[in-house]
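Participant: Input: one structure, supplied below.
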Amino acid sequence: MSSAIALRCSLSSSQVASGLSRWNARSVDWRSLLVFIAVGLGWWLQSNPIRLAIKASAQTLAGAPAGVDGADVLIVLPRTSEAQSWEQFNPDQAWLNAVEQEVGEFQLSSARELTRGRLDSAAWTIVPANAARELDATQIQTLQNWVQDGGVLILEQPEGPWRSIIGAQINIQRGRQTRRVTSFDGSVARGRAREHVVAMPLQTTIVPYSPADLARGRDYQVLMEIDGNPGIVAIQMGRGRVFLLLFDFARAATASQQGTPAADLTVPRPDTVRLPPALTVTSALATNTEPREAMVPWIDLLERNIFYLADLQRPVARLWMFPGRYRGALLATHSESGVGPMVEFMPDWEHAHDQRSTVLSVAGSVPPEVLTRIRRKGSDVQLAWVPGEAPMVPDRAWGVGRFRPIRRAMTLDEQLSMLSVDLRPYAAATSSRSIDGVWPLDYFRAFAMLEAAGVRLDSSYGPAPGFLAPGDAHAGYIFGTGLPFRPLDRHGNRYRQQQLPFTFTDGNPGYSSAVVRRLLTESSDAFHTVVAGDWRPDTMTRHPSYDALEGWRSAFTLAESQGLWIGTLGEYAEFLQYREQAALRSTFNERRLNVQVRIPEVRRLDDGRDVDLVPSVSFPSRFRGRPVEHVWLNGAPVDVFDLFMSGDRALHVIPLPPGDHRIEIYYGSLADPSP
């Protein structure tokens, strides 16, 4: 019996062992299957990641504008309110851009707080159209008294009780659309610049002017005509003068520089644009696109010549828009546009020829070691930012190690942060351009994003590449300016950031080396602008062109021969900061202009020299036909013939080192020219 029990136990043990063996085999098969499934799922997720909803980039409104007490130019501003349409939009702060570009500093007063004390601290006062409607009869009388005592008043389409000053009642409702300037007899510009000034296109509104109490020629002079009607009128009043603008300069400047939106403040979207429905291109906002007219920065010329008129009554000194003795600037850029490290061949060639440029890199597209090599060779690296709705937007990824199956389109500030980390130990990126000019449909959204991200200088406005916007064959100043401006938000306030339109891209059919040559030579001879051009590393693969290659390589030599400054976006943004920190104050009496100047300290190079970014000072070369005869700098005479003149012959430019300076300028013959 015991042996039978033992046998059963033995059989049972054998069966159990066999069963366990079969189970272990099946368990191994299941584990292998699970591993296979996990690997396959991981591969699939890596190829088809889980995409989170697009996170909106941070946005911010512009702050209240700030001026500098005691500056020579006073601008009166109205109350602001949020616009829901282009008609409601208040563009008065475009005057701040005009003064900042052409003069430098300005002081501000709200319309309700304008007093004689504030007026007495300024040489010129500018009252834009909306501010003019807010001034009451008492304030207008105060302005009239100030002008009679020697003040200069620039008055834009004043509607309200202004008859005592302008001799008529302006009715904005009677305004009509304009086409172009038909004469500008009051312009002091000479040479090529004058040829353009007297026939510039001008799309804005103008109001009729028929003063019953004033006689033309005796009481007022017409300095500019638009479509054959008075456009700018000068009215002598005591020892001062009023310059009455009968056209809406502020709206014309905004519509040209910032672009013209649809009535509902959306950006136009051409049917040919190859982008998702939520996106367009910046060139869709441009109005100055006719090929011949696009070669001229019309708004720059217009604002410049308006201020030259004021100089005829009371000249003021200015901060020149370029360092030292330079007559303009060439900023060569290379939009990397996703080609990755291939972009390096362009700054490599430039380094070999003692030149430099700005590479605009998509975040994460170029390896950090390549970015640092570009910086080490003297060129600049800034951000090519991509809107979240664009198909080429870089991703932010989450996961373990290289397995990162959860992704989301990066916001603008995340793109800027990533590029800045990759640039270490070099300075963080502070300038940008949207990739290929891709732009949101909301007129203000991109600027609000750039402001929130802390971008100082953006250069997104310009021609689009042909592969993205077929039919776009633009080149030149399609936004009417070759100078940086601060865009306005929905309330009409200026952002801190500056927008610098670029003039050409070799990825556009409008590009040619002849266009580049003309832009560079006329920047020096006539316009004094920044020629920001984009030579792309993918041009030779998309549409090989010897003209594009030669235009890029010859541009640097031509710019040097024309006296243009060659720099980068980062350097120009730094120069603009120094220019903003500089201070000018002037007095004028008996053909004698006295200027107090403070030029800020600038960054020093490793050898102790100042960087070539020191602002210069300019001043009118004539006063009522009398040329500058004598100039003293800090008590020492300066040979007037050593000072270079602007291309329109209206300004002398004097370079200065950092520090406090006193400049004395004498117009005409003086019995005793000593200071």
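The values are calculated or read from the model by the stated rules, or taken from the named source; none is laboratory data. Nothing here was measured: the structure is a model prediction, and the numbers come from that model. No Cβ is skipped: glycine too gets one built from the backbone with ideal geometry, and neighbour counts run over all protein chains shown. Please note that ligands, DNA and RNA were not included when accessible areas were found on the heavy atoms of the full protein model with its side chains. Shrake-Rupley method; radii C 1.70, N 1.55, O 1.52, S 1.80 Å.
Participant: How many residues, within the range 258-275, are of a type in the set (S, T, N, Q), open to solvent by 10 Å² or more (accessible area, probe 1.4 Å) and outside any strand (DSSP E or B)? Show your work before the answer.
Facilitator: Step one: of the range 258-275, the residues of a type in the set (S, T, N, Q) are 258, 260, 266, 272.
Still in the list and also open to solvent by 10 Å² or more (accessible area, probe 1.4 Å): 260, 266, 272.
Narrowing the set further to residues that are outside any strand (DSSP E or B) leaves 260, 272.
Number of matching residues: 2.
Participant: Residues of the range 171-229 being in a strand (DSSP E or B) and farther than 23 Å from Asn288 by Cβ, which ones?
Facilitator: Within the range 171-229, Arg216, Tyr220, Gln221, Val222, Leu223 meet the criteria.
Participant: Another question, then. Hey, can you tell me all the residues within the range 421-452 that are more than 23 Å from Pro367 (Cβ to Cβ) and open to solvent by less than 30 Å² (accessible area, probe 1.4 Å)?
Facilitator: Correct list: Gly437, Val438, Trp439, Pro440, Tyr443, Phe444, Ala446, Phe447, Ala448, Met449, Leu450.
Participant: Sticking with this structure for a sec: I'd like to know if the range 475-492 contains one or more residues that are open to solvent by 10 Å² or more (accessible area, probe 1.4 Å) and over 18 Å from Asp300 (Cα atoms).
Facilitator: yes
Participant: Counting only residues that are within 35 Å of the chain's Cα centre (by Cα) and open to solvent by less than 20 Å² (accessible area, probe 1.4 Å), which one in the range 167-184 is farthest from Ala122 (Cα to Cα)?
Facilitator: Thr178
Participant: Any chance the range 151-170 includes a residue that's polar (S, T, N, Q) and either free of Cβ contacts under 8 Å to residues at least 12 places away in the same chain or part of a strand (DSSP E or B) (or both)?
Facilitator: The answer is yes, given that some residue of the range 151-170 is polar (S, T, N, Q) and either free of Cβ contacts under 8 Å to residues at least 12 places away in the same chain or part of a strand (DSSP E or B) (or both).
Okay, residues lined up against (1) in contact with a Pro (Cβ under 9 Å, 6 or more places away or on another chain); (2) small (Gly, Ala, Ser); (3) at pLDDT below 95; (4) assigned to a loop (DSSP other than H, G, I, E, B):
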| residue | (1), (2), (3), (4) |
| --- | --- |
| Leu360 | no, no, no, no |
| Arg396 | no, no, yes, no |
| Met418 | yes, no, no, no |
| Asp422 | yes, no, no, no |
| Met449 | yes, no, no, no |
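Participant: Would you call Asp354 open to solvent by 20 Å² or more (accessible area, probe 1.4 Å) and under 15 Å from Trp535 (Cβ atoms)?
Facilitator: no
Participant: Tell me which residues, restricted to the range 189-200, are open to solvent by 10 Å² or more (accessible area, probe 1.4 Å) and either modelled with pLDDT of 90 or more or out of contact with any strand residue (DSSP E or B) (no Cβ under 8 Å at 6 or more places or on another chain) (or both).
Facilitator: Hits for the range 189-200 are Arg190, Gly191, Arg192, Arg194, Glu195, His196.
Participant: Still on this structure: Among the candidates Ser85, Ser47, Ser32, single out the residue that is at pLDDT 55 or above and open to solvent by less than 60 Å² (accessible area, probe 1.4 Å).
Facilitator: Of Ser85, Ser47, Ser32, the one residue that is at pLDDT 55 or above and open to solvent by less than 60 Å² (accessible area, probe 1.4 Å) is Ser85.
Participant: Would you point out the residue of the range 631-660, among those that are under 20 Å from Arg591 (Cβ atoms) and either in contact (Cβ under 8 Å) with a residue 60 or more places away in the chain or of a type outside the set (A, V, I, L, M, F, W, C) (or both), that is most open to solvent (accessible area, probe 1.4 Å)?
Facilitator: Within the range 631-660, the match that is most open to solvent (accessible area, probe 1.4 Å) is Arg649.
Participant: Could you list, in sequence order, all residues of the range 276-309 that are of a type in the set (Gly, Ala, Ser) and surrounded by 22 or more Cβ atoms within 10 Å (Cβ to Cβ)? It would help to see each step written out before you state the result.
Facilitator: Taking the range 276-309 first, the residues of a type in the set (Gly, Ala, Ser) are 278, 283-284, 286, 294.
Once the filter is applied, which keeps residues that are of a type in the set (Gly, Ala, Ser) and surrounded by 22 or more Cβ atoms within 10 Å (Cβ to Cβ), the range 276-309 yields Ser283, Ala286, Ala294.
Participant: Quick one: in the range 569-597, which of the residues that are open to solvent by less than 20 Å² (accessible area, probe 1.4 Å) and among the β-branched types (Val, Ile, Thr) is nearest to Gly151 (Cα to Cα)?
Facilitator: Among those that are open to solvent by less than 20 Å² (accessible area, probe 1.4 Å) and among the β-branched types (Val, Ile, Thr), it is Val595.
Participant: OK, next. For the range 110-136, name all the residues that are free of Cβ contacts under 8 Å to residues at least 40 places away in the same chain and open to solvent by 10 Å² or more (accessible area, probe 1.4 Å).
Facilitator: Across the range 110-136, the qualifying residues are Ser110, Arg112, Glu113, Leu114, Thr115, Arg116, Gly117, Asp120, Asp136.
Participant: Please go through the range 225-250 and pick out each residue that is open to solvent by 10 Å² or more (accessible area, probe 1.4 Å) and touching a residue at least 24 places away in the same chain (Cβ under 8 Å).
Facilitator: Once the filter is applied, which keeps residues that are open to solvent by 10 Å² or more (accessible area, probe 1.4 Å) and touching a residue at least 24 places away in the same chain (Cβ under 8 Å), the range 225-250 yields Glu225, Asp227, Gly228, Met237, Gly238, Arg239, Arg241, Asp248.
Participant: Being free of Cβ contacts under 8 Å to residues at least 60 places away in the same chain and either under 16 Å from the mean Cα position of the chain (by Cα) or farther than 20 Å from Gly480 by Cα (or both) is the filter here; which residues of the range 261-291 pass it?
Facilitator: Asp271, Pro277
Participant: Kindly indicate which of Met410, Met418 is in contact (Cβ under 8 Å) with a residue 40 or more places away in the chain, surrounded by fewer than 23 Cβ atoms within 10 Å (Cβ to Cβ) and in contact with a strand residue (DSSP E or B) (Cβ under 9 Å, 6 or more places away or on another chain).
Facilitator: Met418
Participant: Something else now. Among the numbered criteria (1) in contact (Cβ under 8 Å) with a residue 40 or more places away in the chain; (2) assigned to a loop (DSSP other than H, G, I, E, B), which single criterion is violated by Pro544?
Facilitator: The one condition Pro544 does not meet is (1).
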